[in-house]
Amino acid sequence: QVQLVESGGGLVQPGGSLRLSCVASGIIRNRISMGWHRQAPGKQRELVAMVNTDGTIDYADSVKGRFTISSDNAKSTVYLEMNNLKPEDTAVYYCKITRLGSNYWGQGTQVTVSS
């Protein structure tokens with residue numbers, strides 16, 4: 001059974017930083033993409049950042065230059081370093097893994113950016 005466990009969310013002031021982590025278990029580590037999506041109240045879930053199977057990385061335009069995604073395949077872990085956070089970054093952040101066409105999601109972690 002695939003399980004994704006996220007951590008690192010919380011409340012931060014504008015301009016602050018947070019680091020999210022997602023640990024995956026129960027999945028074969030090769031040929032997977034790992035990344036993060038987010039969903040703000042009243043909005044659709046959107047891609048934030050993704051490490052693809054070929055090692056390339058995609059970022060949403062809104063987070064380029066502020067967020068950095070990294071992964072440790074040996075630990076089946078993906079991280080999201082978020083700097084210069086803005087109120088519009090407030091959302092529930094979800095870890096996602098895709099392998100051979102199957103998607104697996106974490107339970108989500110809340111990130112709130114507010115003064």
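The values are calculated or read from the model by the stated rules, or taken from the named source; none is laboratory data. On a predicted model such as this, the values are computed, not experimentally measured, just so you know. Here the Cβ positions follow ideal geometry from the backbone for every residue, glycine too, while neighbour counts run over all protein chains shown. Please note that ligands, DNA and RNA were not included when accessible areas were found on the heavy atoms of the full protein model with its side chains. Shrake-Rupley method; radii C 1.70, N 1.55, O 1.52, S 1.80 Å.
Can you pull out every residue in region 71-81 that is in a strand (DSSP E or B), touching a residue at least 12 places away in the same chain (Cβ under 8 Å) and open to solvent by 20 Å² or more (accessible area, probe 1.4 Å)?
Selection gives Ser71, Tyr79, Glu81.
Give me a count of the residues in region 91-114 that are closer than 18 Å to Val63 by Cβ, of a type outside the set (A, V, I, L, M) and part of a strand (DSSP E or B).
Adding up the residues that qualify gives 7.
Taking region 24-61 as the region of interest, how many residues are hydroxyl-bearing (Ser, Thr, Tyr), surrounded by 13 or more Cβ atoms within 10 Å (Cβ to Cβ) and free of Cβ contacts under 8 Å to residues at least 60 places away in the same chain?
Of the residues in that region, 2 qualify.
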